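The structure appears below as structure tokens.
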Ligand SMILES: C[S@@+](CC[C@H](N)C(=O)[O-])C[C@H]1O[C@@H](n2cnc3c(N)ncnc32)[C@H](O)[C@@H]1O
């Protein structure tokens, strides 16, 4: 059947109007249709990096809870020697029973080859879920962008699968929670705050501390004797916090009282001496 030319403006208007119905201005409508068609060919899931806080169950954000309630899969890193994931334990009550849980195993080694192999395997396992259209949340202790395995996953996905959307849900960090618990001001006025990894070693730590008004040292478990010796000479207030909010919590205001071989979940706040405040 041939349509009369007179009907053409009416048909175009209807098409433009349906663009508005979908919430888009008409000039974007057809371009978006093309993208929708592409997305429909391969419906990609979203990767969420979700911080679950440092341990206490009420230090997880509402946004993290919302994401955990809706994703198809929750991914948790665990060591292949010990299949325990603390992040998973913290998040457990917010993960519905229907949600798939997947452990991404990493070997307890600093050797490059087995680590690279594990990375490749875990990146591809994650990508396979997302390419199958599933939304997945990688859960991480504290915040996902602070010394977290998520940083590597993010880099791998961005490089190899740039069309996959990644959304980060921030988490309360271990050192923010430690500062709150101990009433420690981390920085004020024009001071700086240096965030360090204790794995770096004594020389690097000493050099870094010279330019710091205040410092936070995470991962203090490995070189604790050197870190303690180095800090004892620095004119700062120091607080050692281990397993905050968890079984076996230790808080020491004198580093000499801290255990010689602390637990993996241990940090130090080293801040400018401020004296006691009266209010
Ligand atoms: C791989 S880093 C993860 C940091 C985490 N993404 C964050 O935002 O705090 C692990 C280090 O975080 C610190 N940490 C994490 N949870 C802690 C806790 N509950 N108590 C004390 N330190 C903790 C320790 O220094 C530990 O070695």
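Determine the relative contact order of segment 174-272: mean sequence separation of Cα pairs under 8 Å and six or more apart, normalised by residue count, in whole percent.
Numbers: 180 pairs, mean separation 30.8, N = 99.
Reported as a whole number, the value is 31 percent.
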The distance between the Cα centres of segment 219-279 and segment 186-204, in whole Å, is 13 Å
When the distances between all Cα atoms of segment 174-272 are binned every 5 Å from zero, what whole-number percent does each bin get? 2, 14, 28, 27, 19, 7, 2, 0
Please work out the Cα center distance from segment 58-123 to segment 134-180, rounded to the nearest Å. 11 Å
Shape call for segment 47-169 from the C-alpha gyration tensor, a ≥ b ≥ c root eigenvalues: rounded (a/c under 1.5), prolate (a/b greater than b/c) or oblate? oblate
Please compute the modelled spin-label separation between residue 113 and residue 252, points set 7 Å along Cα→Cβ, answer in nm with one decimal. 4.0 nm
Quote the relative contact order of segment 181-230 in percent (integer), defining contacts as alpha-carbon pairs under 8 Å separated by 6+ residues. 42 percent
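Calculate the FRET efficiency for residue 273 and residue 222 from the Cβ-Cβ distance with a Förster distance of 41 Å, rounded to the nearest 0.05. Each step should come with its number before you reach the end.
Numbers: r = 27 Å, r/R0 = 0.67.
Efficiency, rounded to the nearest 0.05: 0.90.
Taking the Cβ of each residue in 138, 150 as the centre, tally the other Cβ atoms inside 10 Å and list the residues starting with the fewest. Don't skip to the answer; put the middle values down first.
Values: 138 28, 150 24.
So the residues, fewest neighbours to most, are 150, 138.
List 190, 213 from most exposed to least, where exposure is judged by having the fewest other Cβ atoms within 10 Å.
Details: 190 6, 213 17.
Ascending number of Cβ neighbours within 10 Å: 190, 213.
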Would you please give the FRET efficiency between residue 188 and residue 263, computed as 1/(1 + (r/R0)^6) with r the Cβ-Cβ distance and R0 = 30 Å, to the nearest 0.05? 0.50
Please state the relative contact order of segment 47-169 as a whole percent: Cα pairs under 8 Å, 6+ residues apart? 41 percent
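Starting from the Cα gyration tensor of segment 122-182, take the square roots of the eigenvalues, sort them a ≥ b ≥ c, and report rounded, prolate or oblate (rounded when a/c is under 1.5, otherwise prolate if a/b is larger than b/c, else oblate). Don't jump to the answer; show the numbers that get you there.
Numbers: a/c = 3.14, a/b = 2.61, b/c = 1.21.
In terms of gyration-tensor shape, prolate.
Based on other C-beta atoms within 10 Å, arrange 199, 74 from fewest to most. Walk me through the numbers on the way to the answer.
Working: 199 17, 74 26.
So the ranking, lowest neighbour count to highest, is 199, 74.
Coordinate-derived values only; no laboratory data. Since we're looking at a predicted model, the values are computed, not measured. Here the Cβ is made from the backbone with ideal geometry for all residues, glycine too, and neighbour counts use every protein chain on show.
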